[in-house]
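The structure appears right after this line, and notes come after that.
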Amino acid sequence: MAEPQLPKPPLMTLVKKTKLWKSIFRHDFTDTPKTRIQRIFGNVFLHLHPVRVSKEAIRVSYTWGLGGLSFYLFLVLTVTGILLMFYYRPTSLLAYQDMKDLTFAVTLGGFLRNMHRWAAHLMVVVVILHMVRVFLTGAYKPPREYNWVVGVILLVMTLFLSYTGYLLPWDQLALWAVTVGAQMAANSPLLGNEGPFKLPFITTANDARFGLIGGTVINDATLIRFYVLHCVAVPFIFTFFLMVHFWRVRKDGFSKQTGEKVDVWPHLVSREFLAALLVTLILFVWSLVLQAPLEAQANLNVTPNPSKAPWYFLGLQELLVYFDPWIAGVVLPTIIVIGLMAMPYVDTNPKGVGYWAKMGWRKVGPVPIWYPVERPFAVNVFMLGTLMWFVLIFIGTYCRGPNWEWYWPGELWSHRRLTKMTLKNIPNLWGALLMGAYFALGTPLPQAIKARLSRLAGPKAPRLASLLMHAGLGMTMALAIFIPILTAPDAEYPVRSNSPTLFEALGRSTNAPVVSAMYRLVQEAGAGGYAMIGVMILATGALLGWLGVQLAKLKDRLFEQKGLIKYSLIIGLFLMMMGVIGKILLRLLFGVKYVFSLPAFNFNI
Amino acid sequence: MKRVLFLLLTAALALVFLVTIAQDRHRGWVKYQRQFLGTLKGAERRGIARGVHQTIVQGLDRVDRCTTCHLAATKPQLGLAEQPFTAHPGQYLQWHPVEKFGCTVCHGGQGLATEVKAAHGEVPHWEEPLLRGPLVQASCRQCHGEVSTIQEHAPLLVQGQQLFTAKGCYGCHAVHNFGQTVSVDLSEVGAKSHQLIEADFEMMPGPHNRIHWLRRKLAHPRVLNPGVPPEALPRGEEEVFPSSMPFFGLEMADIEALSVYLLSLKAEDLPASYVRPPHTPPEPTYASAVTRGRAVYEHYGCTACHGIGGVGGRRNPNNGLAEEAPSLLYVKAYYGDHVEALKQVIRQGRQPAPRADPHRPNPPLYMPAWKERLSEEDLEALIAYLFALSDRLPAAAVGDLL
Amino acid sequence: MTTTTRIHPRSSTRLMEPATTNPAAPAPAPRPATPPEVFSEAFWRQLEERFGRRQFLLKSGWAFFWLFLGGWLLSNLRYLFPNVLYEPGLSFKAGRPEDYALGVSEKFKKEQRTWIVRNEEGFFCFWARCTHLGCTPNWFEAEGRFKCPCHGSNFNRAGDVIAGPAPKPLWRCAIQLADDGQLIIDKARLENRPGSREQGEFFFPYKSA
């Protein structure tokens, strides 16, 4: 027993020598260059990162951590969602009762429900911001085009997850949002029972809506269907695309590759951890202060007035006011999604990768404007589209009251307000002319034709030709709007309308400010009024023509750069986007319902 | 910098977590339970479990948690003087055992809730407000369809039902297929969705629920629906008629009784074991044609427009007619020699005169047709009564008004 | 690979003929038991020339695989369309015509989601479902119109759109008189085209005598 008294080693050192410890942790955790790498390599989760990244690429002001936060919120939603599932039974008799139970009788039940709801809202915001960030830093450009497409798919699935989750509380809010959403499926072309050009064998009992809600009315079959989609099916597919997304981020590399490199552990990992902590804190406070909405139990006989979708769908709901459901609910969303996916393939401008879009001042006429210098068309169009979407969301949220009537923000809503909105169709021939002239605005003047023109008629000829073409088209559009409104008979007179002409019908209504102003002019000033209207038409035509001329240079350049196919795709999408604004203005200012209408085919534009 | 941020964030998160737990622990009912248990001792105290109490009523698909706070409701020996700890008064719980009936089927409110306001249904999006005080009588009719059998326990309900007939409400409103359809069917007015009366709510002070709406409507029908006169209309809009419901000048007590009766009008699908079978009252006998005619006059609700005893005087906005529903005291003078013509008027009613402009709506009040509702004998008796009215013209007009 | 020696598939059978039949010999009696000529060695040789045998097997294998997978996915899609529904019936009895006053009756709105309208000439029945996106409109008696709370469509007494985005008039249900003197309404049969909707099974003529 004369062994030397060794100093007793600390307990952790002993533990670290055990086989068990070593089987789990393959390296030690002192901070050395080697372990920094081992931490990333040796951990399946951290392995999503590269070992070293450019210092610039992880600056907060560059990424804002939005991609990572989207994923973190997805994890929060998964965890809170799984917890909520323990108390939730997806049947129409019990679902609403279970919501009440969560609120009133389950420890932290209401809190978890709040958190699930607000995290979902936050995730939509963060995903959209992530997308805007990726766009503005050019991170979708080659070689990352395909990952942008995957990102668009993930965005769509985020929205679909929100939509399916919306039904589960089985309250009025849920029922009516889903009723409206499902009805859009019934309006899809070919496969919807109420859509245009439906196939001969399609009925309410086998169309797209039937497949979505599992019956002809929303009931238990719909609830279980949405429950499975929300909790299992969509998250499953979502995870699949998420894996592809991450894998591609790793393989394609970050968009910013230049500059000094730093170790991901601890520089990036610590930032991610801090960002997650911040978002957790925000979610906790949010869920403490604000209760998730729960209205009266679902009741098909009473639609709440007004009945609003969740905010991220309100842009779509507002769009549905101006267009036929199959356009607003099916065609436009499809075009938006396809347009977003096609973007990296048609935007061949190599500039702007790895830094925020460069802005500069530029003068348009006398007005100085802040302008994206390197990628003017791409940035302007994308931001205009995004802005438009949020303007529509704003209108839907703050400017729509009972019976979906227009109220200014802050104005008191009233269920007693009297309105008689008069909306009239423009005769089809005029409408076709209007749309034809509008889309003809997309015609470019190719270099070859310009050259020939200057050879034939002097150096000023190409500019003159462009001017004539745009002025002509602008004037045609103005005439195609005003002439039918001023002269066409009201097709609904005398059965549904008191006025024999469109001019009188719209002029006497309260919802077509431009037409009623013209009507008053004519009433009060007679021939002088008509003269002023004539001036107005000329001015409108000139304005539209001027806008066309402003675009001419850009169009011609785009055409030369991109070639016919890409050019048609770009200009078609662009004109459609601006056309949506135009149609909204036609509705709000002129009281025009459709410019082209074939009721027998459910085809109205 | 990062370390400071880390510390701040984690500290804040820990704090918020504590607040979350504290908020969850301090629910409304905890305070009441502690307060009540403080008044008890020994076995009594041990006999009351802590936590959420609930009664599961299988037959009615209801779960009521009212007894979480109303701890003495089913234990009369423990009852205190003030709410929420009073014992349930009367023998009602012996007749209606809590296990079979629960609480909310009679008292309304939100059985699943454990916060005071939510449980009493005084929150948005819960459309069953607590039926306070005598209003609870409105629930009796769900099972006791024949309310006269529970007269002593539900006096207001019985009075309300009698008033409904006496004031002639059936002349315009139908209830379960009896009564005219000049105005809305009232068979389910006791469960009318708040979302359908939002427009009326805008014309009255809160609280905005069905109970107050009914009281208001009965007291001042036209205040809730004043209509919009043509001169106040926006351009191109159609005239909106005010409510055509007459002003009955009801007393507060009458309003309360009628409210109770109207609140009782709802079609809840209760299991057969809960429902008391109705018994058909014997066919009434009348001394003469005139008494029978008077009964017909009152039973079918002619009083609403033509007044008690046919004195007339209700406002009638119908275009082309006089502005008042005509008095019936002169019926004999007009139709004495033309009984068939009078029968024809009663059978056909007086439809609103067509408007000059077909796009304008018709005013909502008119005399409905009675041909399918009155038997020939009833019609004869009614006419005998109407003729008798003019016989005693000078006295009747004054006497019946009072 | 074998593009230079590609033979048109139709011509291949003709090419096989000389190798398998002898024109000089008398025609042999028909022997049903012999395997069809297409499986002869020459046939395989032809195939070998065209695809290579292994290529052919592989391609057919993939063809079967995609046939299986596509069919399986399609039948799973079909699986999602139920064949029986737990939904209330679409036809109901709505009481006797004489119980209705002139105007719009909301009596069956709650139970059956329909409005029954009586006018001077007779009865018709609306399905209380906005033709825009399926919300339930409200009836405003004083204003004489149905207003939808979701997107602001307005319909008049005849069900025609007078405002808002709805593309077509309200649907009318088939309405007839049953043997027991009650109105019988069938929501499975719908019509909203002016002209057709005012006659036949969608309008029940009824005049007060």
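What follows is calculated from the coordinates using simple rules that are stated; it is not laboratory data. These numbers were taken from a predicted model, which means no experiment stands behind them. Counting neighbours? That spans all protein chains shown, and the Cβs are built from the backbone with ideal geometry, glycine included.
Quick notes on this structure:
- Interchain or long-range residues, amide H under 5 Å from C:G122's placed H: C:Y206
- Backbone amide hydrogens, once placed in the peptide plane, bring C:R145 within less than 5 Å of C:F140, excluding anything fewer than 5 places away on its chain.
- Positive-end ranking of B:G168, B:H299, B:Q91 along the dipole of chain B, with charges on Cβ about the Cα centre, is headed by B:Q91.
- Computed over segment A:456-605: relative contact order in percent, which uses C-alpha pairs under 8 Å that are six or more apart: 27 percent
- When the square roots of the Cα gyration tensor eigenvalues are ordered a ≥ b ≥ c, the ratio a/c for segment A:537-601 is 1.5 or more and a/b does not exceed b/c, which makes its shape oblate.
- Two-site FRET efficiency, A:T203 against C:E198, from Cβ-Cβ distance with R₀ of 22 Å, rounded to 0.05: 0.35
- Cα centroid separation - segment B:188-225 against segment B:52-110, whole Å: 29 Å
- Cα-based helix-to-principal-axis angle, A:461-487 vs chain A, degrees rounded to 10: 80 degrees
- Basic side chains Lys and Arg get +1 at the Cβ, acidic Asp and Glu get -1 at the Cβ, and with that the dipole of chain A about its Cα centre reaches some 2060 debye.
- Links that overshoot a 27 Å alpha carbon limit, given the list B:K100/C:K110; B:K100/B:K217; A:K308/A:K583; B:K192/C:K187: B:K100/C:K110; B:K100/B:K217
- Relative exposure of B:C106, C:C125, judged by other C-beta atoms within 10 Å (fewest first): B:C106, C:C125
- Gyration tensor (alpha-carbon) shape descriptor, segment A:1-117, a/c threshold 1.5: oblate
- A:L190-B:T10 pseudo-label distance in nm [points 7 Å out on the Cα-to-Cβ vector]: 5.8 nm
- Listed by chain and number, the aspartates and glutamates whose alpha-carbon sits under 18 Å from that of A:K450, ignoring those within fewer than 8 places in the same chain, are A:D556, A:E560.
- Residue (of A:T158, A:L11, A:Y371) at the positive-pole extreme of chain A, dipole from beta-carbon charges: A:L11
- Selected from A:A221, A:L588, A:G109, residue furthest toward positive end of dipole (the protein assembly as shown; charges at beta carbon): A:G109
- Loop-exposed chymotrypsin sites (Phe, Trp or Tyr not before Pro) per DSSP, neighbour cap 16 Cβ within 10 angstrom, longest uninterrupted part of chain B: B:1-246
- Coupling constants for segment B:88-101 follow from the phi torsions by the Karplus curve (6.51 cos²θ - 1.76 cosθ + 1.60, θ = phi - 60°), and in residue order they are 5, x, x, 9, 4, 6, 6, 6, 10, x, 4, 5, 8, 10 Hz; glycine and proline get x.
- Charged-residue dipole, Cβ positions (Lys, Arg, Asp, Glu), segment B:38-130 about Cα centre, Debye nearest 20: 500 debye
- Shape call, chain A: gyration tensor on alpha carbons, a/c limit 1.5: oblate
- Unit charges on C-beta of K, R, D, E only; dipole of the protein assembly as shown, Debye: 6560 debye
- Reach of B:K75 by Cα under 18 Å, taken over aspartates and glutamates that are not fewer than 8 positions away in the same chain: B:E44, B:D64, B:E99
- Comparing B:G179, B:G90, B:G160 in a Gaussian network model of chain B, where Cα atoms under 10 Å apart are tied by springs, the biggest mean-square fluctuation is seen for B:G90.
- Euclidean distance of C-alpha centroids, segment C:89-135 and segment A:107-175, integer Å: 42 Å
- Take every Cα pair under 8 Å whose residues are at least 6 apart in sequence, average their separation, divide by the length of chain A, and the relative contact order is 15 percent.
- Added length on full extension, which subtracts the Cα-Cα distance from 0.36 nm per residue, A:A539 to A:R250: 98.5 nm
- Longest exposed-site-free window of chain A, the sites being trypsin sites (Lys or Arg not before Pro) in a DSSP loop that have at most 13 other C-beta atoms within 10 Å: A:60-350
- Candidate cross-link partners of A:K261 among the lysines, defined by an alpha-carbon separation under 16 Å and a same-chain spacing of 8 or more, comprise A:K34, A:K55.
- Residue by residue, segment A:583-590 carries 3J(HN,Hα) couplings of 5, 4, 5, 4, 5, 6, 9, 10 Hz when phi is fed to the Karplus relation 6.51 cos²θ - 1.76 cosθ + 1.60 (θ = phi - 60°); x denotes Gly or Pro.
- Taking θ as phi - 60° and the Karplus parameters 6.51, -1.76 and 1.60, the scalar couplings of segment A:392-403 work out to 4, 4, 4, 4, x, 7, 10, 10, 10, x, x, 6 Hz in sequence order, x denoting glycine and proline.
- Label point at A:A488 placed 7 Å out along Cα→Cβ; residues across segment A:501-526 whose backbone nitrogen lies under 19 Å: A:501-519
- Debye-sum result for chain B in log10 I(q)/I(0), which assumes one identical scatterer on each alpha carbon, at q = 0.06, 0.07 Å⁻¹: -0.37, -0.49
- Listed from fewest to most Cβ neighbours within 10 Å, the set B:E152, C:E111, A:E145, A:E194 follows the order B:E152, C:E111, A:E145, A:E194.
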